[in-house]
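**Q** Attaching a single structure in structure tokens format; questions to follow.
The values are calculated or read from the model by the stated rules, or taken from the named source; none is laboratory data. Every value quoted in this text rests on a predicted model; they were computed, and no experiment measured them. Here the Cβ positions follow ideal geometry from the backbone for every residue, glycine too, while neighbour counts run over all protein chains shown.
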Amino acid sequence: MADQLRFDGQVVVVTGAGGGLGKAYATFFASRGASVVVNDLGGSFKGEGQDSKAADVVVNEIKAAGGKAVANYDSVENGDRIIETAIKAFGRIDILINNAGILRDVSFKNMKDQDWDLIFKVHVKGSYKTARAAWPYFRKQKFGRVINTASAAGLYGNFGQTNYSAAKLAMVGFTETLAKEGAKYNIVANVIAPIAASRMTETVMPPDVLALMKPEWVVPLVAVLVHKNNTTESGSIFEVGGGFISKLRWERSSGQLLKCDDSYTASAVLKKWNQVVDFSKPQYPSGPNDFLGLLEESQKLGPNEQ
Ligand code: NAD
């Protein structure tokens, strides 16, 4: 399907586009008619150092293939400057791919404030800063597309990645709320948990596995989600990689409502534990208000069994 999709006249910002997934997105959008801001700080995968070469190489490749691209070397922590580059170079911003990322893997026992803070600065603050700067343009033109990047580590947890997991799950809540606030302005936001061969994964996975997860195989889903024809998927979570695409959603057990009086004790909770964790009749909540209706119901109940 992505084969038919074009992005002529649109401006795409891809953060962390000097390699891995970001490079795959940037070269794809440029090949489909978009003007692309190739942002990359050019540091190590642990977030150390910086180098303009990473972004320059990709810009040169895009230009050599006849595409339009400009480099930006700012850290996403200064995401407003990245959006400014798009406005100065191309006069608009239509699509934002928040992709830049680093790892500071360490067991929780050995976690240092610096490892925690840097992960949050790059993933969470970085995605906030670019989206916040693009938002007024999106609202004004009544069009905007955002992809944020989570991770399976954020969705499920992963040894040695408490910092990264927490930051990556933050991308889910961030996206779900952006989707709600953006809806009336035709701003669509989705979040992906990708898996792909890159310098991030090449040290932890064997070559034969890496060969099955090319970054290019994440691109078609992203293309579909940010295309102007996508008006249905927003606030959605996808896992994607190695040719597999799936959508995730929150599932809530049908639960147990308890009377909120003196009979609401720990032993009353234990008595109903099977119902609390019973997923045989799941619910799929879509917002905090889904829950509020139950509050009044609780008052109508008789005392809980002890
Ligand atoms: P990568 O290291 O190849 O790419 C990340 C890019 O971001 C690098 O080019 C790096 O220089 C850039 N970057 C880092 N910090 C930056 C900053 N402060 N400002 C601007 N640029 C910065 O890794 P990748 O695998 O392509 O990862 C892309 C995204 O996908 C990341 O957010 C990562 O957490 C996420 N992710 C990847 C995988 C995977 O399997 N590769 C799995 C889950 C999530």
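**Q** Answer yes if at least one residue in the stretch 98-109 is in contact (Cβ under 8 Å) with a residue 40 or more places away in the chain, farther than 16 Å from Val14 by Cα, in contact with a Lys or Arg (Cβ under 7 Å, 6 or more places away or on another chain) and within 15 Å of the ligand (Cβ to nearest atom), and no otherwise.
**A** Yes: the stretch 98-109 contains one or more residues that are in contact (Cβ under 8 Å) with a residue 40 or more places away in the chain, farther than 16 Å from Val14 by Cα, in contact with a Lys or Arg (Cβ under 7 Å, 6 or more places away or on another chain) and within 15 Å of the ligand (Cβ to nearest atom).
**Q** Quick one: in the stretch 1-23, which of the residues that are surrounded by 22 or more Cβ atoms within 10 Å (Cβ to Cβ) and assigned to a helix (DSSP H, G or I) is farthest from the ligand (Cβ to nearest atom)?
**A** Lys23
**Q** Additional query: It is to be established whether one or more residues within the stretch 111-123 are away from the ligand (no atom under 16 Å from the Cβ) and either of a type in the set (Phe, Trp, Tyr) or under 22 Å from Asn148 (Cα atoms) (or both).
**A** Taking every residue of the stretch 111-123 in turn, none turns out to be away from the ligand (no atom under 16 Å from the Cβ) and either of a type in the set (Phe, Trp, Tyr) or under 22 Å from Asn148 (Cα atoms) (or both).
**Q** What are the pairs with Cβ atoms under 7 angstrom where one residue, in the stretch 1-28, is at pLDDT 95 or above and the other, located anywhere, is of a type in the set (Phe, Trp, Tyr) and within 16 Å of the ligand (Cβ to nearest atom)? Sequence gap at least six, or different chains.
**A** Qualifying pairs under 7 Å: Phe7/Phe29; Val12/Phe29; Val14/Tyr25; Ala17/Tyr25.
**Q** Taking only pairs six or more apart or across chains, which ones have beta-carbon atoms under 7 Å, a first residue in the stretch 153-178 that is polar (S, T, N, Q), and a second residue that is part of a helix (DSSP H, G or I)?
**A** Correct list of pairs: Asn158/Ser165; Gln161/Ala153; Thr162/Phe108; Asn163/Asp115; Asn163/Trp116; Asn163/Ile119; Ser165/Ala153; Ser165/Gly154.
**Q** Just need a number here: residues in the stretch 224-249 that are surrounded by fewer than 20 Cβ atoms within 10 Å (Cβ to Cβ) and part of a helix (DSSP H, G or I).
**A** Summing the residues that are surrounded by fewer than 20 Cβ atoms within 10 Å (Cβ to Cβ) and part of a helix (DSSP H, G or I) in the stretch 224-249 gives 1.
**Q** Just one of (1) away from the ligand (no atom under 15 Å from the Cβ); (2) buried (at least 16 other Cβ atoms within 10 Å of the Cβ); (3) of a type in the set (Gly, Ala, Ser) trips up Ala26, so point out which.
**A** All conditions are met except number (1).
**Q** Also, I was wondering about something else. Taking Asn78 as meeting all but one of (1) part of a loop (DSSP other than H, G, I, E, B); (2) surrounded by fewer than 23 Cβ atoms within 10 Å (Cβ to Cβ); (3) within 15 Å of the ligand (Cβ to nearest atom), write down the number of the exception.
**A** The number of the failed condition is (1).
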